[in-house]
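Just so you know, all these numbers are worked out from the coordinates, no wet-lab data involved. The structure displayed is predicted, hence computed values, not measured ones. Don't worry about glycine lacking a Cβ; one is built from the backbone with ideal geometry, like all the others, and counts go over all protein chains shown.
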Amino acid sequence: MGSSPEGRAATDAINRAARISRRLQGGVAVALAMLAMTFACMPAKAKALEQALADAHLVNAVLNTQRARWRAIDEQVAFAKSGLRQTSAPAATPST
């Protein structure tokens, strides 16, 4: 039994696609390995934890909003406490 020319062409196309796919997979694997080695060989540029947290707090909009809210509450507390403090009235002077 002989195969038809269309069948052979389809089989050849599938085989060619499979070879290209294997080459691409190999190339991707090599590229990923090179990328991993590049990052592994780079010197670490880590910040101190305190500095990283400070930077995050400066640019975080939610934290800035909450900080402003707490400042307003603190001002209200000071104002409320001032009403509870004793006030000094001028001493009465005897009239002559």
Checklist outcome for this item: Residue separation between HIS57 and ALA31 times 0.36 nm, minus their alpha-carbon distance, gives in nm 5.7 nm
Checklist entry - Between ALA18 and ARG71, what is the spin-label point distance in nm, taking each point 7 Å from the Cα along the Cα→C-beta axis? => result 7.0
